[in-house]
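A short write-up of the structure that comes next.
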Amino acid sequence: MPTDTPDVVIIPIKVMERYQTVQEYLRGDLSVTEAGIRCRVGERQFFRLTAKVKEAERDKTRSGPKALIHANTGRTGNRARPAETKKKIKELIDATYSDFGPTLAAEKLRERHGFTISSEALRGWMTDWGLWRPKPRKKNGQHREWRERRPVYGQMQQFDGCYHLWFEDRGDPCCLLLSADDAGGRITNGQFVEWEGVFPSFNFWQKYLEKHGKPDSIYLDKHSTYKINAKTLLDDPEARSQFERACQELDIKVIHAHSAEAKGRIERLFETLQDRLVKELRLRGISSKEEANRFMDEVYIDDFNSRFGVEPKEPGDAHRPVSESPVELSRIFSIRTERVVMNDFTIRYRNRFFQLQRTTKRLVRQKERVEVRETEDGAVSIHLRGAQLPTEELPERPKKVKPEPKLLAHKEPWKPAPDHPWRQYGRNQEKKQVAELSANCHF
């Protein structure tokens, strides 16, 4: 016949230590204060532990250390979810959200499927299912002090670009230009572009100015679009990139970070977007930059800021209104360089040649410096002292006119005349020798 086997109770070491402390107190070896310190509880809680031990010894049901084990140990919690619900959540995660993090997966389960579950509870489930691996803590002895945030909104904008497979295998890789307010961590503008160049950056900030106004400063890295890094020009205080020149004309301070860690807030923001934004674009079936830009402007930025933005330390807005006209802004947000008028009144710019017309009302001299402006569509205009000069682009480089060689008359080699002093030298020497001989002879 089968025999009943007693239940095996595993008593933790912490419970054994508390039980020994209670026994020492009951024997009078410890005071209440000392016993409470050992058990890491207050005096009133220690009295409750002592009462449990005494009651268990009288009833003989949970005598010994078992009296200090919590009664709910090993039981299913009152708020535990049904096994069927847990199974359904696992099927959804396996099918759709297998590469999602616990926080984002919990949001999507709530928004799209109606399952309300905390991210920490889901983190434990996904760890048990092998779908999530907790990140180990970094052990770095180097101490870095966090830079305090700017106190007012608009006082500093952190700006950067990030190349990534934002559309995964549904589209080509592209770059996301992003600006975030330093005071509250909110995204202020985001735009998907082909590359992190001068004109994409100009378009980004022209759109920003129309929406928010002028920020006090922009904090960015030393990318060649934003800073001249050529060794031959590093020591030249007048050398500026097109981006720095435009910001100077707009009276916006440009601050260059010396390392990626210095602008760590926007670097960490890109890490978050590479996880969350990529999956949002996948769920909505977005696979082009145009659709992604509309989604960013109309939906995502406001939703992201409501979730992760913080309130600035001080109220207010440090943005300044844009006083420049649209024509002035188009002049500022264009590539502007200086060129020299050549002797034939042509101007060379990027292997393109422009001929000045005679109808110009400005006096233009040879070797004079003019300003060349190039817009995003490739249109080039020449300006001198605030006025545009009429020009015509030449199909090829002007050819130099070579002078015709002159015909020179053939001359015979020159010969000195017989009575020339050069010819008389030898004869004079002979006469001198004859005179000397005649003087030495005696007849």
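The values are calculated or read from the model by the stated rules, or taken from the named source; none is laboratory data. Here the structure is a predicted model, which means the values were calculated and not measured. Cβ atoms come from the backbone with ideal geometry, glycine included; neighbour counts cover every protein chain shown.
Tabulated data for the structure shown
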item	result
Residue within the range 252-274 that is in contact with a Cys (Cβ under 9 Å, 6 or more places away or on another chain) and either outside the structural domain of W195 (by TED's automatic domain parsing) or of a type in the set (F, W, Y) (or both) present	yes
Qualifying position, being outside the structural domain of Q20 (by TED's automatic domain parsing), within 52 Å of the chain's Cα centre (by Cα), assigned to a helix (DSSP H, G or I) and within 27 Å of W132 (Cβ to Cβ), among R75, R110	R110
Answer residue from the range 177-226, given it is over 21 Å from G264 (Cα atoms) and of a type in the set (D, E, K, R) and is nearest to the chain's Cα centre (by Cα) among those	E194
Residue that is nearest to the chain's Cα centre (by Cα) [pool: residues in the range 271-314 that are farther than 23 Å from P200 by Cβ and not in a helix (DSSP H, G or I)]	G309
Subset tally (residues that are surrounded by 10 or more Cβ atoms within 10 Å (Cβ to Cβ) and under 36 Å from the mean Cα position of the chain (by Cα)) for the range 351-378	8
Odd one out for F192, checked against (1) under 23 Å from K313 (Cβ atoms); (2) surrounded by 17 or more Cβ atoms within 10 Å (Cβ to Cβ)	(1)
Yes/no for A239 being more than 24 Å from M296 (Cα to Cα) and part of a helix (DSSP H, G or I)	no
Selection status of G141, modelled with pLDDT of 90 or more and either surrounded by 10 or more Cβ atoms within 10 Å (Cβ to Cβ) or outside any helix (DSSP H, G or I) (or both)	no
Any chance E267 is within 20 Å of R147 (Cα to Cα) and assigned to a helix (DSSP H, G or I)	yes
Answer residue from the range 248-261, given it is touching a residue at least 40 places away in the same chain (Cβ under 8 Å) and part of a helix (DSSP H, G or I) and is nearest to I335 (Cα to Cα) among those	E249
Yes/no for D99 being at pLDDT 85 or above, in contact with a helix residue (DSSP H, G or I) (Cβ under 8 Å, 6 or more places away or on another chain) and within 30 Å of V278 (Cβ to Cβ)	yes
Residue count for the range 20-37, restricted to those that are in contact with a helix residue (DSSP H, G or I) (Cβ under 6 Å, 6 or more places away or on another chain), of a type outside the set (F, W, Y) and either surrounded by 17 or more Cβ atoms within 10 Å (Cβ to Cβ) or under 12 Å from L68 (Cα atoms) (or both)	5
Residue in the range 379-402 that is closer than 20 Å to Q242 by Cα, over 34 Å from the mean Cα position of the chain (by Cα) and either among the acidic types (D, E) or crowded, with 16+ Cβ neighbours inside 10 Å (or both) present	yes
